[in-house]
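Enquirer: Sharing a structure below in C-alpha cells format, with a few things to ask.
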Amino acid sequence: MRLRRWLLVLLACVATPLATAAADAPYAEAYRPQYHYSPPQQWMNDPNGLVYYDGEYHLFYQYNPYAAHWGPMHWGHAVSQDLVHWDTLPIALFPDRHGTIFSGSIVVDQDNTSGFGAAGSPALVALFTYNDTLAKSAGREDFQTQGLAYSVNRGRDWTPFTGNPVLENPGNADFRDPKLFWYAPQQRWIMTLAMRDHVAFYSSADLRHWTHESDFGARSGSHEGVWECPDLIELPLGPDGGNKAVLLVSLTPGGPNGGSATQYFIGRFDGHQFTADADAGAAAGVVRWLDYGPDDYAGSTWTGGGAGDGRQLFIGWMSNWAYAEAVPTARWRSAMTLPRELFLAATPRGPELHSRPAAELESLRRRRAKIGEQGVSQAIDLTQPLGTNTGLLEVLLQLDTQEAGVIELAFSNPLGEKTTFRLDRARLRYEVDRSASGTAKFTAGFASVAWAPLPGPGRNLQLRFFLDHASLESFINDGETAFTTIMFPTVPYTRVTLSADREVRIKSGTVYELASIWQH
C-alpha cells in the first residue's frame, strides 16, 4: 500500500509540469491534444466553412474569444497545407447588428456568380446563420436568419454583405447551419438548411437571392433531438454503382450512446429534392450513424481539394453537448477529430457510409515496432517493443478472432486508469469502455460504455486506433464502424494490452509513436 502511495506521488510530480505550464507553454497543458487541432485558448465547437483554396485547407469554427465556455459566437480560423499541421489565424467573422455568427459554409465562386470577385480572382463566399439574441429574448420565433460575407484575399479578411440578411426566417425557431454546393447540371447553388425536425433545400443563381425548393426528413431518421448542421454530398458506389447522394444530419440529444451524434441518409438528389433509398434505412425506420462514439458531432466536409484529389474529406467537433462545458480542461475547451475520408461501401446490408483516417496522417509516424504473427492466449503488451512513453500512438492490428468470445485492447497508464475497446460476441457488439478512464466525476454518465452492433460473424478483424492525450479514435474493418471517444486520464496512457477469453491469432500488427504538431 505504501509503495502505491509513493507511486502516486511520483506520477503526480511528473504530471504537474503539464498542468502548470499553461502560462508559458501553450499546448503543453494537461489533457491538451498533441496532434488534433484545438485553439490556443477559449471555447470552440462546430467546424465551419471548410474549403480548399490556393493550396490551403481552411478550418473555420464556432468560437468564443472571451471565455472557455459557449458564448457569443464568432468564427475562429485555422489553415493547413497538409491537413496535419495547423496555423491559427485571426478571427474571421464577428457579431454585428444582425446577431452572433452561428454555423455555415464557404465556397469558391469560380465563375463570379455573386459579383464579389473579378476575372481570374474568385471570391470566397461564406453563408452563415445570424443568431439575434435580442429578438430571441423578446419572444420572437424568427431570430435566426442567413447572412453572407466574402473575401478577396485568400480568406484573410472578410466583408459582410451590405444586403444582409440574404434569407429571412419564415417563422421557425431553428433555422440554421447552411451548407452550400454547386449543382452543375442546373448551373446553380444549392443550400442545405436545418429546420429543427427536417432539412430544407434552397437554390440560387448568385448566392444572394434564394428560392425554397423542398424539404426532407420530418418522418425519416431519428427525431429524439434537434436536427443541426446538414451536409449533402455526392459519392461513388463502387466502379459500376454510379453516384449516390449522401445527407449528413447532426442530432442532439438522441445519439446511439447518449447526447450528440450524426446520422446519415443515402439516396438521390435531382436539383430540387432529396429522396432517400428504401434500402438505406429511411423507409424501414433504421437509423444509420456515422460514428458510434459519443464524441464526433456537427461534422462537415471540405469543399474542393488539390488537383486530382477526388476524396470527400470530413472533420467533426470532438465533444458532446451532454458535457462539453464541464470537461476538466483549462485555458481551452474542445478539439476537432482527425480529418477523415468518407466513402460508400457495398455491403450485404446495402450501401453504407464508411470513414477512414486521411492518408496525410501517416506523416505523424516517427518510430515503429512490428508485431509478428503469433497466437495470443494471455495478455500481451503491444507497446513494450517500442518503449515509448509519449502517449501518442497509432496501433494497427489484423486479428483472426477464431473462437474467442471476448477480445479486449486496453489503453492504460501506470495508475491503472484505462479505456478499453472490446469485441463481445455473446452480446453481438463492439464496445468502448471508459468507466475506469480517469477523471470522470465532472458529469454524471461520463464513465460509461459506448457500443455499436456487430455487423457480421466474420473471424477476421482489422483494427486501427489513434491515441492522443485525451482521445481515442477507433476504426474497425477499414472504417465500417468508427468510435470517437474523449477521456481525461490523470497522466497519459502509454500502454496497450491485448487479451481474450480464448486464443486469438495476430496475423500482423504495427505500433507507431506519433509526433506532436505543437511541440518541436
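Enquirer: Exactly one of these conditions fails for D478: (1) buried (at least 22 other Cβ atoms within 10 Å of the Cβ); (2) acidic (D, E); (3) on the phi > 0 side of the Ramachandran plot. Give me its number.
Expert: So D478 meets the others, but not (1).
Enquirer: Let me ask you something else. Please determine, by comparing only the residues of the stretch 185-198 that are closer than 14 Å to V108 by Cα and not aromatic (F, W, Y), which one is nearest to the chain's Cα centre (by Cα).
Expert: In the first step, residues of the stretch 185-198 are kept if they are closer than 14 Å to V108 by Cα; the result is 188-190.
Filter once more, keeping what is not aromatic (F, W, Y): 188, 190.
Numbers: R188: 29, I190: 23 Å.
Only one residue tops the list, namely I190.
Enquirer: For the stretch 13-55, which residues satisfy the criterion of being at pLDDT below 50 and in contact with a Ser or Thr (Cβ under 8 Å, 6 or more places away or on another chain)? Working first, answer last.
Expert: As a first pass, look at the stretch 13-55 and keep what is at pLDDT below 50: 13-23.
Once the filter is applied, which keeps residues that are at pLDDT below 50 and in contact with a Ser or Thr (Cβ under 8 Å, 6 or more places away or on another chain), the stretch 13-55 yields only A15.
Enquirer: Go through the residues of the stretch 293-312 one by one and say whether even a single one is among the polar types (S, T, N, Q), surrounded by 23 or more Cβ atoms within 10 Å (Cβ to Cβ) and part of a loop (DSSP other than H, G, I, E, B).
Expert: no
Enquirer: Report whether or not P453 is free of Cβ contacts under 8 Å to residues at least 60 places away in the same chain and more than 22 Å from the chain's Cα centre (by Cα). Working first, answer last.
Expert: Details: free of Cβ contacts under 8 Å to residues at least 60 places away in the same chain: yes; more than 22 Å from the chain's Cα centre (by Cα): no.
Judged against the criteria, P453 is not a match.
Enquirer: Do you know which residues across the stretch 23-49 are among the aliphatic types (A, V, I, L, M) and either crowded, with 23+ Cβ neighbours inside 10 Å or in a loop (DSSP other than H, G, I, E, B) (or both)? Spell out how you get there, then give the answer.
Expert: Here is the first cut: in the stretch 23-49, the residues among the aliphatic types (A, V, I, L, M) are 23, 25, 28, 30, 44.
Hits for the stretch 23-49 are A25, A28, A30, M44.
Enquirer: Hey, another quick one. If you take the residues of the stretch 210-261 that are surrounded by fewer than 19 Cβ atoms within 10 Å (Cβ to Cβ) and of a type in the set (V, I, T), which of them is nearest to the chain's Cα centre (by Cα)?
Expert: Top of the filtered list is V226.
Enquirer: Could you please let me know if R495 is under 30 Å from A330 (Cα atoms) and assigned by TED's automatic domain parsing to the domain that holds D381? Steps first, answer last, please.
Expert: Values: under 30 Å from A330 (Cα atoms): yes; assigned by TED's automatic domain parsing to the domain that holds D381: yes.
Answer is yes for this residue.
Enquirer: If you don't mind, there's one more thing I want to ask. Only one of these conditions is not met by W75: (1) of a type in the set (A, V, I, L, M, F, W, C); (2) modelled with pLDDT under 95; (3) surrounded by 14 or more Cβ atoms within 10 Å (Cβ to Cβ). Which number is it?
Expert: (2)
The values are calculated or read from the model by the stated rules, or taken from the named source; none is laboratory data. Worth saying up front: this structure is predicted, and the values here are computed from it rather than measured. Positions of Cβ are generated from backbone atoms using ideal geometry, with glycine treated the same way; all protein chains shown enter the neighbour counts.
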